[in-house]
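Working notes, structure below.
The values are calculated or read from the model by the stated rules, or taken from the named source; none is laboratory data. On a predicted model such as this, the values are computed, not experimentally measured, just so you know. Here the Cβ is made from the backbone with ideal geometry for all residues, glycine too, and neighbour counts use every protein chain on show. Each accessible area value is taken on the protein alone, full model and side chains, heavy atoms only, with ligands, DNA and RNA left out. Shrake-Rupley method; radii C 1.70, N 1.55, O 1.52, S 1.80 Å.
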Amino acid sequence: MSIARVALDLPLNRLFDYRIDGLGPATVGLRIRVPFGRGEKIGIIVDLPSQSELAPEQLKPALEILRDTPPLPADFFRLCAFASSYYQAPLGEVLLQALPPGLKKTRASQRRAGKAMATTVPAAAPLPELTAEQAQAVAAMAASQGYAPFLLHGVTGSGKTEVYLRLIAATLARGRQALLLVPEINLTPQLEARIRQRFPDVRTAILHSELAEAAREREWKAAFLGEARIVVGTRLAIFTPLPALGLIVVDEEHDPSYKQQDGIRYSARDMAIYRASAERLPIVLGSATPSLESWARAQSGRYTLIRLKERAVSSARLPTVRLLDTRRMQLTQGISAPLLEAIRQRLMAGEQSLIFLNRRGYAPVLSCTACAWVSRCQRCAANMVVHLKDQRLRCHHCGLEMRIPRACPTCGNQDLHPFGRGTQRLEAWLAETFPEARILRVDRDSAKSKKQWEALLEQIHTGTGPERVDILVGTQMLAKGHDFPRLTLVGAVGADAALFAADWRAPERLFAQLMQVAGRAGRADLPGEVIIQTEYPDHPLYAALQAHDYPRYAETLLAERRQAGFPPYTFQAMLRAEAARMEDALDFLKAAAALVPAEAHPEVLRYDPVPMRLSRLWSLERAQLLVESPSRPRLQAFLADWRTGLERLKTPNRLRWHLEVDPIEF
Ligand code: ADP
Ligand code: ZN
Ligand code: ZN
């Protein structure tokens, strides 16, 4: 009797044996259709054991071995096995989330993938001559062999993309494939276009979660079969099996969207590092504002640091950064007179301004002037945001919506006030103040789809005529690597809030956002100015920003982290529980904390369970328990022990829990 050991997409830490007699030759790595419960499932053959723990008559026969793709390779299994053990997730879940959804369908008719579209590619432009810094960077990285991790720290506009393109070209010339990871593909349509233009004859696969099922399967197969030589994708692309992989590039490596926030909570950047070391490849992590984790590794010599300190276009200077102390200023709608004047000057000169306010909607809350009523979400521990344009209150956490009430639901008072300020309110006020200006708002409400976003970008680029944009109001969506040639002023308002936020990572993120958004100013031949309104003009974050000195601020933050015992000087994991009652969630966590005796893991610290900052979401109460250790292997050993216990722990009704390793949000 022949047996296949099969991994299935189930939240269970085990594999399943099936009989495969009569199904033809089997190989580890092929997909297999098997009966499961009352239905069928697609699994992956992970072993062909000579016998099973189950008695022969208990083994169910599998239904079909699928041969439309070659078997998944050993590298792929190793990568998934690592993710499974590092993130404490069942192997079957990891293996199957790595496949495109189309390959997990049990009905054959649905498995047919579409044909690749023929894209028309514009004629290749001549290669720009590299700057001296770029040339050195390319030379240093292209010469490397085996596992070689680089941190490419390049100021905004320093031409990191050009460096990636040269490294990709060198990789292709060696007959290998290149994998380029990007945070969010929809935000960077220009990058895709640049790659196609540079490599018009090279099949390039694009992989992200918003692709239609057939397209995702087609692109994945092209990559897996080695037809696609360049693969560009979001975090999920890190799991793509690539037979001839020769280079990994992680663009904007600091971006939090590399961390998956549900399901298997992996970091694609960290997985990329593992993959490069396991497959002995060079890997480039690029950013103008590297994560502190990566910066610390570069400082300690684990990564080779390569810096681009100048902008690539020789005439493009880094913008001057001005701090406006607003403590003694009269603000109108959050805007000071000097900032207003600066916008007016740009308008007169026919140049563009960008006002950065990282809060969408009209106002963060609606409140009653007569009683204490505020627009709380019924399902979450959060306020519902006023969206005046469509007359709705909306919870940004769970999506609950309702019409803006005409009168206070509690006391009937008709005088309800939107409190605070979001991008819509700023947009409306700027439109009143500058009736002749064309104003464009860019946030997740105005750019919901890739199409809308591309249309907005197109408008921003239009230089002259009635369609031109004078003032942009936007959130961090505008911060990601775009060239806005006419943009000469960036104003940042409301940034102070993140300085003293409860989340200790907030300043790191604020710094990155401000640095990126400031980097939009003055990219072509017009000098740029950045005006930051603040009540804390002496804060080191702003001083470093003013000096364009990322390394200095990184040192400051790292010193603080070391002192406080925060990552990257300690390693953390979080156990989270959600239940109908907070008490149940906390009780579960208390029981969980007591599962493994402290003496067994002396170097692992367990904190007390506490309610999460967003303590209720979707009507579920949420609590968390932090564990940490100065040693990653010790933490890993503890987590492995702990999870075994957790899986056996009795949970009250409807309680759900998950374990997150290296959490980035608290
Ligand atoms: P970054 O990603 O580092 O912010 P980009 O790669 O977007 O920078 O490059 C910024 C601008 O400089 C782009 O318009 C790009 O076309 C241009 N550029 C890059 N390298 C060169 C070069 N060697 N010569 C001339 N222009 C360049
Ligand atoms: Zn009221
Ligand atoms: Zn809600």
Over all Cα pairs of region 157-215, how is the pair count split among 5 Å bins, expressed in % and running from 0 up to the last occupied bin? 4, 15, 27, 27, 16, 9, 2, 0
If I take every Cα pair under 8 Å that is 6 or more residues apart in region 516-599, average their sequence separation and divide by the length, what percent do I get for the relative contact order? 10
Would you mind getting the accessible area per residue of region 132-308, heavy atoms of the protein chains only, 1.4 Å probe, in Å²? 32
Assuming R0 = 60 Å, can you tell me the calculated FRET efficiency for the pair residue 143 and residue 413, based on Cβ-Cβ distance, to the nearest 0.05? 0.25
Kindly provide the pair-distance distribution of region 423-529 built from C-alpha pairs, with 10 Å bins from 0 and whole-percent values in order of increasing distance. 13, 42, 36, 8, 1
Given 232-238, 43-49, 649-655, the highest-first ranking by average Cβ count within 10 Å works out to 232-238, 43-49, 649-655
Within region 144-281, percent of DSSP bridges classed antiparallel, to nearest 5: 5
Region 3-110 - accessible surface per residue (Å², probe 1.4 Å): 47
Would you please name the trypsin sites (Lys or Arg not before Pro) within region 277-309 that are DSSP coil residues with at most 15 other C-beta atoms within 10 Å of their C-beta? 280, 302, 309
Please report the relative contact order for the chain, taking Cα pairs under 8 Å with a sequence separation of at least 6, and give it as a percent rounded to a whole number. 12
Per the Cα gyration tensor, region 367-421 corresponds to an equivalent ellipsoid with semi-axes, largest first in Å, of 18, 12, 10
What does the helix-only formula give at 222 nm for the chain: each DSSP H stretch with n ≥ 4 adding -39500 (n - 2.57), the total divided by the residues, and the result rounded to the nearest 500 deg cm²/dmol? -8500 deg cm²/dmol
With the full set of protein chains in place, find how many percent of the accessible area of region 3-110 is carbon and sulfur; take the probe as 1.4 Å. 52
For region 124-187, go through all pairs of different Cα atoms, get the mean of 1/r, take its inverse, and jot down that Kirkwood value in Å. 13.1
At residue 464 and residue 81, where each label point lies 7 Å from the Cα along Cα→Cβ, what is the point-to-point distance in nanometres? 6.5
Packing-wise, with mean Cβ within 10 Å as the measure, how do 509-515, 637-643 rank, highest first? 509-515, 637-643
Would you work out what percent of the accessible area of region 482-570, with all protein chains in place, is carbon or sulfur (probe 1.4 Å)? 55
Cα-Cα pairs above 16 Å in region 571-661: how many percent? 50
Heavy-atom surface of region 571-661, accessible at 1.4 Å and reported per residue (Å²): 51
Could you sort 217-224, 445-452 so that the peptide with the highest average Cβ count within 10 Å comes first and the rest follow in order? 217-224, 445-452
Over region 196-352, what is the mean sequence separation of C-alpha contacts under 8 Å (at least six apart), divided by residue count, expressed as relative contact order in percent? 14
Enumerate by residue number the trypsin sites (Lys or Arg not before Pro) in region 55-107 meeting two conditions: DSSP loop (anything except H, G, I, E, B), and at most 13 other Cβ atoms within 10 Å of the site's Cβ. 67, 107
Given N residues in the chain, what is its alpha carbon radius of gyration divided by 2.2 N^0.38 Å? 1.03
Carbon and sulfur %, accessible surface of region 571-661 computed with the full protein complex present, 1.4 Å: 53
